[in-house]
Ligand SMILES: [Zn+2]
């Protein structure tokens, strides 16, 4: 379950990546690391300037990123961690974030931003309805029903 | 407490305050917050409304008026439009409102492990259509992102949406404010339009400690339209929202039905002392499922906040979401926001970027129908008054009907009058849409022509109209079958006039001794004798001759 929190952190970069520290080192040395604070701000190729903002809550323009707050990460991922686990994960997640700190030092001003990982675009589907055959087994795996509805604990406030 | 003050004020008065007393001011730069990200946008240059736009009405020295005079409201709207596609956004499940709960589901929209989303091409097409209709710039490359939050109506634990690169951005929409609210033309900026999926439907049982979920709606495609904070009154906001409904209906991308939730408006509103450039504390209002609710909720909220300001309690205006209570005609706190929610957006790894070619965009642009604003300007140029223009262009089916009638050569003003008065009243009464009317545009044009050339009287025309609306048929057929041709032969009319005059000697005497009002009585008798077919002008002329004749 804790993997979800990690994934969210890892995936928070503009380009999703599963990168090893070794790769980052190679990349960092391939580009001159004369970084600037604008490394995170891309200019979109359109008539209007468009700022791409980061989804880190601890957003910062400096190349040094804030250390992770494991308790709040766990809270956003709806998982509970023991103090021992927090202590165990802290250095691991800090390491992940530090890798991104390194990435941010790369000067990408001259590089056209890739808004997505390298995938073939245009993979669209016809708007033709098809009923999924095995709906019963999906419903069978739902723990609690109230007539035709899923039964869940009462919730009123969305956040 | 201020609440006691509110109770004494009728809700309809609020709309008056809103539309007449809040001054129109604007600055050229706005900083807006949307979707948790700070974006700086320059608003569209807009036509400055003329000074005479709304003359502040004099309500006497009402204390609330005085308070409201010192503040202006800043209003932005987020509109969610549910698309009328056949399938959901990322799976083939049927997108059908009102199906048996939890039957339109599959591994993709239920978020089962290993299931992969594939984008529905219609969603892209509808996004481009709406983006173009709202005068936006399109992103030839855009992408999807995951917006994470935990809620029982969201099976995956995240919503697939567009975060930093929406499919369309930087547009505007033009609206006409109805005359009864002061009239005038306005332009409101559109910040962005993005594609996303809907969540399931959550029902809260009144009794019991649980909620019910229907996931048929989970994964249904939406377009979210975010406006610039360009509106200043409840009326402007309601007009903006109705224009969104007209546009999506004209485009055929959604049924725009507010009651069913196919068009949902969330309003962001703050007020500030006139002259202040910074925004006040923003409050969000939800649960607005009618245009009147949009307008009234805003006017209520303006008054509430202005009062707090004026009582030195501005610090009690907090960032929160409030619900509009239709029954009580007020907004109430739904939840207070503790800072911005952290949705931890990141690019959706399971979907490729959305690439549009210029040819594709151009082909869609070429296929766009005439939009409400263009139609209104064209109708105006035809010489129709603004009330007619707004009525006819409001509903695309009515507009098509009207155009079919004038396409058959009917007089523009007569066609507008017939449609707006008797036909509209009939349809409303019978709860029919104009598409259900048995009277074809061809026959309405015939009817107008028959009255114009004097074949039948206007009165007979009305009778025929209602028969045709109910039963169908042709004007010519009905005139022949019922022998309704107008009597235009002076000799025949004279005969009837003479008969009526001779049968009413007492009234004749009264008339001749000065009671000239009795002319109407005689005219009525003659018309009755002719079964309504006598030409009224001829009848009156001959009747006057006979009544005033010295025998
Ligand atoms: Zn599905």
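So that you can scan it fast, the table gives a plain yes or no per residue for (1) surrounded by 13 or more Cβ atoms within 10 Å (Cβ to Cβ); (2) out of contact with any helix residue (DSSP H, G or I) (no Cβ under 7 Å at 6 or more places or on another chain):
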position	(1), (2)
B:326	yes, no
B:342	yes, no
B:362	no, yes
B:375	yes, no
B:385	yes, yes
B:392	yes, no
B:395	yes, yes
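Looking only at the stretch B:92-102, how many residues end up being in contact with a helix residue (DSSP H, G or I) (Cβ under 7 Å, 6 or more places away or on another chain) and at the interface with chain A (Cβ under 7 Å from one of its Cβ atoms)?
Residues flagged as in contact with a helix residue (DSSP H, G or I) (Cβ under 7 Å, 6 or more places away or on another chain) and at the interface with chain A (Cβ under 7 Å from one of its Cβ atoms) within the stretch B:92-102 amount to 2.
Looking at the stretch B:89-99, which of its residues are more than 22 Å from residue B:192 (Cα to Cα), within 15 Å of the ligand (Cβ to nearest atom) and assigned to a loop (DSSP other than H, G, I, E, B)?
Within the stretch B:89-99, B:91, B:92, B:93, B:95, B:96, B:99 meet the criteria.
Within the stretch B:105-135, work out how many residues are within 12 Å of the ligand (Cβ to nearest atom) and either part of a helix (DSSP H, G or I) or more than 8 Å from chain A (Cβ to nearest Cβ) (or both).
6
Give the number of residues within the stretch B:215-262 that are within 14 Å of chain A (Cβ to nearest Cβ) and within 16 Å of the ligand (Cβ to nearest atom).
So the count comes out to 7.
Part of a helix (DSSP H, G or I), within 48 Å of the chain's Cα centre (by Cα) and modelled with pLDDT of 85 or more: which single residue out of B:493, B:542, B:464 fits that description?
B:464
Could you list all residues from the stretch B:331-353 that are in a strand (DSSP E or B), at the interface with another protein chain (Cβ under 8 Å from one of its Cβ atoms) and at pLDDT 90 or above?
Scanning the stretch B:331-353 gives B:346, B:347.
Would you mind stating whether residue B:142 is more than 16 Å from the ligand (Cβ to nearest atom) and at pLDDT below 95?
Yes.
Please go through the stretch B:198-221 and pick out each residue that is in a strand (DSSP E or B) and either surrounded by fewer than 24 Cβ atoms within 10 Å (Cβ to Cβ) or in contact with a helix residue (DSSP H, G or I) (Cβ under 9 Å, 6 or more places away or on another chain) (or both).
Passing the criteria: B:201, B:202, B:203, B:204, B:210, B:211, B:212, B:214, B:221.
Being in a helix (DSSP H, G or I) and either surrounded by fewer than 16 Cβ atoms within 10 Å (Cβ to Cβ) or outside the structural domain of residue B:423 (by TED's automatic domain parsing) (or both) is the filter here; which residues of the stretch B:434-461 pass it?
B:435, B:436, B:442, B:452, B:458, B:459
Which members of the stretch B:60-88 meet the condition of being surrounded by 23 or more Cβ atoms within 10 Å (Cβ to Cβ) and within 13 Å of the ligand (Cβ to nearest atom)?
B:87, B:88
Could you say whether any residue in the stretch B:172-189 is assigned to a strand (DSSP E or B) and within 12 Å of chain A (Cβ to nearest Cβ)?
Within the stretch B:172-189, not a single residue is assigned to a strand (DSSP E or B) and within 12 Å of chain A (Cβ to nearest Cβ).
With within 22 Å of the chain's Cα centre (by Cα) and either farther than 23 Å from residue B:161 by Cβ or within 12 Å of chain A (Cβ to nearest Cβ) (or both) as the only criterion, which of B:294, B:318 stands out?
B:294
Between B:243, B:236, B:224, which is in the same structural domain as residue B:325 (by TED's automatic domain parsing), under 30 Å from residue B:390 (Cβ atoms) and in a strand (DSSP E or B)?
B:224
Could you check the stretch B:253-290 and list, in sequence order, the residues that are without any contact (Cβ under 8 Å) to a residue 60 or more places away in the chain and within 16 Å of the chain's Cα centre (by Cα)?
B:257, B:258, B:259, B:288, B:289, B:290
Considering only the stretch A:73-85, how many residues are surrounded by 15 or more Cβ atoms within 10 Å (Cβ to Cβ) and in a helix (DSSP H, G or I)?
3
The values are calculated or read from the model by the stated rules, or taken from the named source; none is laboratory data. Note that the structure is a prediction, hence the values are computed from the model and not measured. Here Cβ is always computed from backbone atoms with ideal geometry, including for glycine, and neighbour counts include all displayed protein chains.
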